[in-house]
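The values are calculated or read from the model by the stated rules, or taken from the named source; none is laboratory data. Because the structure is predicted, anything quoted here is derived from the model rather than measured. In this analysis, Cβ positions are derived from the backbone assuming ideal geometry, glycine residues included, and neighbour counts consider all displayed protein chains. Heavy atoms of the whole protein, side chains included, go into the accessibility calculation; ligands, DNA and RNA do not. Shrake-Rupley method; radii C 1.70, N 1.55, O 1.52, S 1.80 Å.
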Number of protein chains: 2
Amino acid sequence: MKQVRYFAILFCVALSVQAVAQETPIFPKGEKAVNVHHVGNVWLKELNVADSVFTYGTSVAIFDPGARLDWHSHPGGQILIITEGIGYYQEKGKPKQIVRPGEVVKCLPGVEHWHGATPESGVTYIATSPAQNGKTIWLHRVSDKEYNRTK
Amino acid sequence: MKQVRYFAILFCVALSVQAVAQETPIFPKGEKAVNVHHVGNVWLKELNVADSVFTYGTSVAIFDPGARLDWHSHPGGQILIITEGIGYYQEKGKPKQIVRPGEVVKCLPGVEHWHGATPESGVTYIATSPAQNGKTIWLHRVSDKEYNRTK
């Protein structure tokens, strides 16, 4: 009986360590973004602001499951580097893609697209955005049909 | 006795899952870099090459424990975003810093510095480098005294 108790304790410790290992995110959540150009919960954290030396801004975006940005485009383009979770990325006229940690998405200037988390998993990405040519152009909401489409 | 065996199996499963969770890196190792400007094992993977739209290159560097770059400087500067492990960063005339996941280091143009893994832990970072003003200027090796100094 002592042995059973011993293994039960060891098992609980192993599970707890595992939970900590999985749940420690790389980036702390930044500011919760006000729901103007997205639905769901999104946190943004600027890592650097564009200046005369670094002519691109870098930020981290953390999405709760189900959260997604509206359709938009970047006059200067944007590069997304997925670091955690599972997300969606879709360009106008193309199928929705699933994106995972380590994957890189290059959004070319003027291309209409949206990105966000999947319904079941949140997603975190680093975005680098050339500052020249102006700010993001926001378009319309991603419909539930677009978000839930499986093909 | 059956119960003991049951918990022993559960414990092993929990430990294995934990090991997988901890050992799955975000980025696959790229090309192993030839030991010209560093000591130890370093893998590099380009995420994007600078062009007329994205005027900065992005790459991932993975260092084995003990690996470190030589002292160097960037004519256009460089931003490091630590994603995994524990590393060192040092600028000339300043103490060596320990850097961890989520931390960002801005290396300004012309500032002599080096970075690498700690002796006990590897480190992974994303580096973004403005392409203007030319390539990295390599200087001399980091001495063991510099690498091992604790203050």
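Note on A:S59: accessible area approximately 30 square angstrom, rounded to 10, probe 1.4 Å, nucleic acids and ligands left out.
A:E146 exposes around 40 Å² of accessible area when a 1.4 Å probe is run over every protein chain in place.
For A:V49, B:V111, what's the largest-to-smallest order of accessible area, 1.4 Å probe?
Accessible-area ranking of A:V49, B:V111, largest first: A:V49, B:V111.
Pairs A:K29/A:K145; A:K29/A:K106; A:K29/B:K145: which exceed 27 Å Cα-Cα? Please report the intermediate quantities before stating the final value.
Values: A:K29/A:K145 29 Å; A:K29/A:K106 24 Å; A:K29/B:K145 38 Å.
Too far apart for the 27 Å limit: A:K29/A:K145; A:K29/B:K145.
Spin-label model, B:D64 to A:K32: label points 7 Å out along the Cα-to-beta-carbon direction sit 4.6 nm apart.
Counting only heavy atoms of the protein chains and using a 1.4 Å probe, B:E112 has close to 60 Å² of accessible surface. A point 7 Å from Cα along Cα→Cβ stands in for A:L44, and the other copies hold the same point at 3.3 nm, listed in rising order.
Distances from B:K135 to itself in the other copies, using label points 7 Å out along the Cα-Cβ axis, amount to 4.0 nm in increasing order.
Considering only C-alpha atoms, what is the centroid distance from the stretch B:81-151 to the stretch A:63-107, in Å? Rounded to whole Å, the Cα centres lie 30 Å apart.
Ignoring ligands, DNA and RNA and using a 1.4 Å probe, state the total buried accessible area between B and A in Å², rounded to the nearest 100. Kindly include the intermediate steps, with their values, before the conclusion.
Working: alone 9490 and 9490 Å², together 15730 Å².
For B against A, buried area totals roughly 3200 Å².
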